[in-house]
Amino acid sequence: MATVDGRDATAAELGALALTGFGHFTSMHVESGAVRGLDLHLDRLTRDCKAVFDADLDRSHLLAQIREAVTAEPGDYTLRVTVFDPQITLGNVGTVEARPVSLITTRASAPGGLQPLRAKTVAFQRDTPEVKHVGLFSQLHHRVAAKRSGFDDVLFVDPASGRVSEGSTWNIGFVTDGGQVVWPEAAVLPGVTMALLTAADASHVTRAVSVADASRMRAAFATNASIGVRPIELIDGHEFDVEDPVVVALQKTYREIPAQRP
């Protein structure tokens, strides 16, 4: 599926997005016609539309488009909403009044029962991390390099502070020896799954986590809308308990969060 305003996207529209690469998006997991954290995804799109295009997103219109897409495609999958302006080019960006539209696409979600993640640390800070923008080259480039080194993905460490921040397309959390969940304090994309989990348990804390601190944690996990809560087996040479009861409980908590129908 690839629709703009409820109609099939044109080659010109997709070409404009591909060649200019100026926009933002959110990806949500659709399960039996419902989405966990749907309101948070809409909040993100509204907030980022103002930040990227200085334009107000028509939330009701977008929700109707999502509802139409979900009705047309049953089952479980990942639905992505990309907000962009087909008229914007490299030559006129910043000189025309933006009229963003929403492109809705779908793809198969990550299969259930994913193996625990093996991550390699890299000194890197994403550009404009608070916005879920379409500029993914550096993140994917680092992911490819990590895979070539025998890992599954990459974990970013702020070059200036040495603090752990986030994965290529996911947030990271840790479990201390005492069983407390810790989210790294850093410039990261505020993930919807992370927000749902922290809202469900007020005992979670956010604080700075260095690479050395991370190696002293008993467990670690990755979160995003497509994978939910995925245990992390290895960061560089340090192994974690992938069956830690706190991580297992987080997976259960996430599964039990009520999903919203568009």
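The values are calculated or read from the model by the stated rules, or taken from the named source; none is laboratory data. These numbers were taken from a predicted model, which means no experiment stands behind them. Quick reminder, even Gly has a Cβ in these numbers, built from the backbone with ideal geometry, and neighbours come from all protein chains shown. Quick note on the areas: whole protein, heavy atoms, side chains included, nothing else; ligands and nucleic acids left out. Shrake-Rupley method; radii C 1.70, N 1.55, O 1.52, S 1.80 Å.
Taking every protein chain into account, the accessible area of segment 1-130 amounts to 49 square angstrom per residue (probe 1.4 Å). Between the exposed loop cleavage positions of the chain, defined as GluC sites (Glu not before Pro) in a non-H, G, I, E, B DSSP state with at most 11 neighbouring beta-carbon atoms within 10 angstrom, the longest gap is 98-242. Against the set (1) 48, 42, 32; (2) 52, 39, 32; (3) 48, 47, 46, the structure's computed Cα extents along the principal axes in Å falls on (2).
What shape does segment 158-250 have by the C-alpha gyration tensor, where a ≥ b ≥ c are the square roots of the eigenvalues, rounded means a/c under 1.5, and otherwise prolate means a/b greater than b/c and oblate the rest? Rounded, because the longest to shortest axis ratio a/c is under 1.5.
Considering only Leu189, Leu38, Leu63, the mean-square fluctuation computed in a Gaussian network model of the chain, springs between alpha carbons under 10 angstrom, is largest for Leu63. Cα gyration tensor of segment 118-180, axes a ≥ b ≥ c as square roots of the eigenvalues: rounded (a/c below 1.5), prolate (a/b > b/c) or oblate? It comes out oblate by the Cα gyration axes.
Give me the net charge for the shell around Ala222: Cβ to Cβ below 12 angstrom, other residues only, Lys and Arg +1, Asp and Glu -1. Combined, the nearby Lys, Arg, Asp and Glu give -2.
Helix 137-148 versus the longest principal axis of the chain: what is the Cα-based angle in degrees, 0 to 90, to the nearest 10? That works out to roughly 40 degrees. Per-residue extension of 0.36 nm, minus the Cα-Cα distance of Ala34 and Asp76, leaves a gain of 14.2 nm for this segment. Applying a DSSP loop filter and a limit of 13 other Cβ atoms within 10 Å to the chymotrypsin sites (Phe, Trp or Tyr not before Pro) in segment 11-103 leaves nothing. Taking the protein heavy atoms of the chain in the context of the full set of protein chains, the accessible area attributed to carbon and sulfur is 53 percent at 1.4 Å. Rounded, prolate or oblate for segment 21-159? Axes are the square roots of the Cα gyration tensor eigenvalues, ordered a ≥ b ≥ c, and the cut-off for rounded is a/c under 1.5. Because a/c hits 1.5 or more and a/b fails to exceed b/c, segment 21-159 counts as oblate.
Each residue was assigned an accessible area with a 1.4 Å probe, and for Ser203 the value is about 60 Å². Just want to confirm a number: the relative contact order over the chain, from Cα pairs under 8 angstrom separated by 6+ residues, in percent. For the chain, the relative contact order is 21 percent. So if I take the centroid of the Cα atoms in segment 159-213 and the same for segment 55-116, what is the distance between those two points in Å? Taking the Cα centre of segment 55-116 as reference, the centre of segment 159-213 is 27 Å away.
Under a model in which nothing but the beta-carbon of Lys, Arg (+1) and Asp, Glu (-1) is charged, segment 7-127 shows a dipole of about 480 debye around its Cα centre.
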